[in-house]
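This report concerns only the one structure given below.
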Amino acid sequence: MSSMDSGLNRNSGIFVMNFYQPILRPNATERELMFVSKATSTVFGLVIILIALFINSLKGLSLFDTMMYVGALISFPMTILHSAVSSSRKRLTGLAGARYWLVPLSLTLLAL
């Protein structure tokens with residue numbers, strides 16, 4: 001249980017310090033940041049519980065199959081996002097550009 005608690009707190013801290021404070025509320029007080037951190041931990045915990053209940057309701061799939069499907073669903077959008085961002089960079093050579101397209105694409109195809 002403690003590893004789950006530390007994971008939730010870590011993800012909440014990442015959200016608050018890297019997204020909420022710099023982008024949404026740059027002038028937020030420490031008290032506000034602490035409140036948002038606790039609320040974010042609660043929301044992340046509820047989402048994890050709901051996902052676990054959903055996966056448990058899939059009777060025909062094993063946990064391995066479910067994780068493979070989830071990995072495939074997540075990796076493809078990440079590949080597209082990575083490719084779009086890296087192809088917009090001006091200082092890429094031809095080989096680096098090909099690497100930025102081929103490595104994530106090949107990892108996605110391996111996950112399928």
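The values are calculated or read from the model by the stated rules, or taken from the named source; none is laboratory data. Please read these numbers as outputs of a predicted model, since none were measured by experiment. Neighbour counts are summed over all protein chains in view; Cβ atoms, including those assigned to glycine, are modelled from backbone coordinates with ideal geometry.
Of all the criteria given as (1) exposed (fewer than 11 other Cβ atoms within 10 Å of the Cβ); (2) over 19 Å from R10 (Cα atoms); (3) under 17 Å from the mean Cα position of the chain (by Cα); (4) at pLDDT 70 or above, the one not satisfied by V47 is (2). Of the numbered conditions (1) modelled with pLDDT under 85; (2) surrounded by 13 or more Cβ atoms within 10 Å (Cβ to Cβ); (3) farther than 30 Å from W101 by Cα, A52 fails exactly one; give the number of that condition. Looking at each condition in turn, A52 falls short on (2). If you scan the stretch 46-67, which residues turn out to be of a type outside the set (A, V, I, L, M, F, W, C) and either in contact (Cβ under 8 Å) with a residue 12 or more places away in the chain or part of a helix (DSSP H, G or I) (or both)? Matches in the stretch 46-67: N56, S57, D65, T66. The set of residues in the stretch 68-81 being free of Cβ contacts under 8 Å to residues at least 40 places away in the same chain and of a type in the set (A, V, I, L, M, F, W, C) consists of V70, L73, I74, F76, M78, I80, L81. The residue that is modelled with the highest pLDDT, among those in the stretch 72-106 that are under 17 Å from the mean Cα position of the chain (by Cα) and surrounded by 14 or more Cβ atoms within 10 Å (Cβ to Cβ), is A72.
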